[in-house]
Structures are given as C-alpha cells and as structure tokens.
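Just so it is clear, none of the values below were taken in a lab; they were calculated from the coordinates. As the structure is a computational prediction, the values presented were derived from the model and not from experiment. Positions of Cβ are generated from backbone atoms using ideal geometry, with glycine treated the same way; all protein chains shown enter the neighbour counts.
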Amino acid sequence: MSDSFETIDEFSQNNEEEWWNDAEPQKPSTPWSWRIAGILLIVLLIVRVLLLLWTGPEAGELLGSWRLLFDLILGAGLIAGAAWARSWALWRAGIYIVFSIWAAFQDTNYLDIILQVSVGISLFLLLWETPGKLRTLAGVLVFVMGVFGVLVVGIGITAINAMNQWDEVVTLIDEENYMEAEEKINQRLAEQPDDDMAFNLLGLVYSQQDDSDTAIDYFNKAIELDPTYYLYYYNRASEWIYLENYDAAIKDIEKVGELTNNGYEVDTLYVRLYLTQIDSSKAKEALERAEQKGAPEEEVSILRFFIQLLEQAEQDEASTESG
C-alpha cells in the first residue's frame, strides 16, 4: 500500500515538475561565438561614438576612411550574425549600418551619435539572453533606428548632389561667368522651386553685378524659405553695408550673432561696416575679436590689408591738414 502511495507521490511530483517546466519562459540560446562578436561590435561602435564626440561636426572629413571601415565591420558583422541567429531584427540593424556607409564622408552631427548609441543599446539587448519583451523592444528600436538611418542617408545623398552642383555655381560666380551660373541655378529651381540656397546664390550673382535691389530681393526670398540659416542674413547684411544702410545692416548682423552664438562672422561683418564708415580703430578691434574666435586666416589677412590702407589714408589726411 505504501508502495502505491509512493508511486502516486512520484507521479504528482513528476507532473508538477513538468508543469513548471512548461510554464517557465524559455530564454533563447545565443551562441557564445556570436556573443563575443556582438561585444566586439559594440566596442567598435563605442569607439566610433567617442571619435564623433572628439571631432565634432567635422567628423566626416576627419575620420574619412576610418569611419567607412567602422561601418563596414559593423554592417558585415550584423548581417553575418543575422544569418547565424536567423534574426530579422539583426537584419534590419545590419541594413541600417550598410546604408550609413553611403554617408561615410559627410559632415556628422549629433543626430548620428544618437542613432549609433541607440543601435548599440539594441545590439546589447538582442545579443544577450534577455526576456522576450526586452528582445521585442530591442527589435522595434533597431527597426525604428533603421528607418531613421535610411531617411538620414537619403537626405544626405540629396544634399551631397545639391552641394556638388552649388560648388560648380560658386566657381562660376568667382570666375565672373554670371550668365552660366544663373542658368544652372534656374535649372535647379525648375526642379526644386523652393530651394532657398538657389535664391541665395542668385542674390550673389546680382550682388557681384552691382544690382543691389535684385540681390536683396533674392536674399529676402532665401530668408523667407529658411529663416534659420545665418548665411542668408550675412549676405544681406553685406549688401546693406555696401549700400551704407547701416541700421538695416546692424539688424542682420545681430541676427547672424543670434544664429551663430555670436561667432566670428559677426565681427567680420562689423569690420566691413567700420571700414565703410571710415573708422579704422573700431575695425581693428572687431578684427581682433574675429581672430580670437577663429576666423579663417585668409579672410583675416584681407580685412587687415584694407584696415592698413584705411590707416594710411587717415594718416595722410591728418598730415595734410596739419601742413
């Protein structure tokens, strides 16, 4: 009789253990080789983020092929891991990284850092043995970051093409080939009627031909389309200085200061304004401020040359009056 009870107890215990085994959520198994690969990828990604933080907005130029190498390693590793683990979430992460290669040599802003950190967090959650809900969340995060990556790269490619075209236009303006420059700008406007940079460049074309009224109209149009880009206010301020409309010029200079966090551009504009007002001492002070803020040496040299000419003219005038 006792034997039968022991058999029943054993039967109940076995059933209970089976029930708990069925009820307990099973963690997915991740091969150690892929865990190690994932950790290495995350380390590479952290290094890349640190490089981006170190180099700032010029990271695209400074990192160059190194950035491309990071992207290639990340992309290849993710896609290989996706094939190994049969994870669609990893496929999406890999696709994001591969797409980011297209933007490898472009200037990098802090949005890219946010994207990279988000992908890194997603990889960590995906590659380690985490509960199902966290893995699902990580997959969603990687997918969202992938969409963002594709959008950012798409915008980047468009910007690259536009900037290449604008470089050619600026060269034509420098060469005083205004007719061809205007023709290329109008071709762009036929495709993109609201291209603010196109109107800005048209303003420069007419400014170089001493048609200030038309130039200001185009600068106004550029500002209307994008009131957050300092360059358009800078160019309009330059035109106001040329016309000796100092009140309007100062308003635009103050706007440039607001948009550039009082960058050197403000002081170089003031140098030009004081030169027009025949005030070499104030122009020299403004140039010193611009130089301290990191104004390009070429621009500083040109402005210093004009200040020296003005000082010489002031000295000649003073000696003439005293004589």
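What does the extension gain come out to for S301 and N177, with contour length at 0.36 nm per residue minus their alpha carbon separation?
Numbers: separation 124, 0.36 × 124 = 44.64 nm, distance 2.62 nm.
Contour length minus Cα-Cα distance gives 42.0 nm.
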Determine, for Y232, Y242, Y264, Y218, the number of other Cβ atoms within 10 Å of each Cβ, and report the residues in order from fewest to most. Y242, Y264, Y218, Y232
Neighbour counts of other C-beta atoms within 10 Å: give me E182, E297, E285 arranged from fewest to most. E297, E285, E182
Cut-off is 10 Å between beta-carbons; in what order do T320, T268, T260 appear when sorted fewest neighbours first? T320, T260, T268
Out of region 221-255, which GluC sites (Glu not before Pro) are coil in DSSP terms and have no more than 16 other C-beta atoms within 10 Å? E244
Can you flag which of K221/K251; K221/K284; K184/K293; K221/K293 are past 24 Å Cα-Cα? K221/K284; K184/K293; K221/K293
Say each of L189 and T214 gets a label point 7 Å from the Cα, pointing the same way as Cα to Cβ; how far apart are those two points in nm? 1.0 nm
Arrange the peptides 272-284, 195-207 so that the one whose residues have, on average, the most other Cβ atoms within 10 Å appears first. 195-207, 272-284
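Any chance you could list the semi-axes, whole Å, largest first, of the equivalent ellipsoid that the Cα gyration tensor gives for region 263-317, using √(5λ)?
19, 11, 8
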Extension gain from E254 to S319, taking 0.36 nm per residue of separation minus the Cα-Cα distance: 19.7 nm
Rounded to two decimals, what is the ratio between the C-alpha radius of gyration of region 176-253 and 2.2 N^0.38 Å? 1.06
Would you calculate the separation in nanometres between label points at D226 and Q277, each defined as 7 Å from the Cα along the Cα-to-beta-carbon direction? 3.1 nm
